[in-house]
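Visitor: Below is the structure I would like to discuss, written out as structure tokens.
The values are calculated or read from the model by the stated rules, or taken from the named source; none is laboratory data. Model, not experiment: these values are computed from the prediction. For neighbour counting, all protein chains shown are included, and Cβ atoms are generated from backbone atoms with ideal geometry for every residue, glycine included.
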Amino acid sequence: MKIKSVILFLTSLLLYTGCAEEVLPKPKAMLRLEYPNSEYGVINTQHFQFKKNLLSEFEQKNNNALILDYPRMKGSLFITYKKVNNDIDKLLMDAQKLSIEHSSKADGILPHPFVNEEDKVYGMYFEVIGDAASQAQFYVTDSTRHFVTGSLYFYTKPNYDSIYPAASYLQNDIKKIMESIKWKE
């Protein structure tokens with residue numbers, strides 16, 4: 001009788017453990033974030049106008065500083081205007097120096113020159129790759145009167161893999177801003 005009980009117990013145990021679902025490890029994957037298509041509206045400041053993404057919230061700090069905040073992406077684009085007073089070389093060096101300062105944390109900084117002869121807008125866009133504080137900077141100027149700089153920051157510790165989708169989306173907005181700037185005399 002004891003042998004029947006042991007056999008019954010072992011059979012039950014085998015059936016119970018044999019019917020369990022097989023545990024499979026989940027493959028590593030990236031979170032897929034999708035953002036809506038960009039729609040743009042015109043912003044007029046005292047010194048220039050440009051097109052901004054309608055998803056961003058515009059805040060003008062003063063005549064020379066403004067912020068485009070992207071709450072959904074937890075990032076902001078800080079834009080500063082400076083008047084050129086025979087100091088274009090210093091302004092250019094300062095703008096490029098800001099990008100170079102991020103190179104210690106970045107894996108790479110890709111400069112992209114920008115030229116719009118028709119509207120007299122010349123500049124440089126810096127794409128930052130890696131875990132740097134800012135994922136993009138730019139400057140544009142007419143080289144005689146106006147100088148605008150911008151830097152993109154996220155409200156989180158830099159982790160390039162995590163913020164890449166938002167950074168890529170906002171970098172396209174920066175390019176649109178550069179393409180659409182028109183100076184006011």
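Visitor: Just need a number here: residues in region 112-132 that are farther than 13 Å from residue 177 by Cβ, of a type in the set (A, V, I, L, M, F, W, C) and assigned to a strand (DSSP E or B).
Guide: Residues in region 112-132 being farther than 13 Å from residue 177 by Cβ, of a type in the set (A, V, I, L, M, F, W, C) and assigned to a strand (DSSP E or B): 5 in total.
Visitor: Give region 62-109 a look and list any residue that's in a strand (DSSP E or B) and either more than 21 Å from residue 123 (Cα to Cα) or modelled with pLDDT under 90 (or both), or say none.
Guide: Within region 62-109, 62, 69, 70, 75, 106, 107, 108, 109 meet the criteria.
Visitor: Give the residue that is farthest from residue 79 (Cα to Cα), with candidates limited to residues of region 143-175 that are more than 9 Å from the chain's Cα centre (by Cα) and of a type in the set (Phe, Trp, Tyr).
Guide: Top of the filtered list is 160.
Visitor: Another one. Quick test of your reading of the structure: residue 136 fulfils all but one of (1) within 13 Å of residue 167 (Cβ to Cβ); (2) modelled with pLDDT of 95 or more. Name the failing condition by number.
Guide: Single failed check for residue 136: (2).
Visitor: Of the numbered conditions (1) in contact with an Asp or Glu (Cβ under 7 Å, 6 or more places away or on another chain); (2) at pLDDT below 90, residue 120 fails exactly one; give the number of that condition.
Guide: The failed condition is (2).
Visitor: While we're looking at this one, here's another question. State whether the residues of region 114-123 include one that is closer than 18 Å to residue 153 by Cβ and within 21 Å of the chain's Cα centre (by Cα).
Guide: Looking for residues that are closer than 18 Å to residue 153 by Cβ and within 21 Å of the chain's Cα centre (by Cα), one finds none in region 114-123, hence no.
Visitor: Of all residues in region 143-173, how many are surrounded by 20 or more Cβ atoms within 10 Å (Cβ to Cβ) and acidic (Asp, Glu)?
Guide: The total comes to 1.
Visitor: Also, quick follow-up: Filter region 47-61 down to residues that are assigned to a loop (DSSP other than H, G, I, E, B) and free of Cβ contacts under 8 Å to residues at least 24 places away in the same chain and give me whichever is surrounded by the fewest Cβ atoms within 10 Å (Cβ to Cβ).
Guide: Within region 47-61, the match that is surrounded by the fewest Cβ atoms within 10 Å (Cβ to Cβ) is 54.
Visitor: Give the residue, chosen from 154, 147, 138, that is of a type in the set (A, V, I, L, M, F, W, C) and over 23 Å from residue 39 (Cα atoms). Please lay out each step first, then the result.
Guide: On the way: 154 fails: over 23 Å from residue 39 (Cα atoms); 138 fails: over 23 Å from residue 39 (Cα atoms).
Just a single option satisfies the conditions, and that option is 147.
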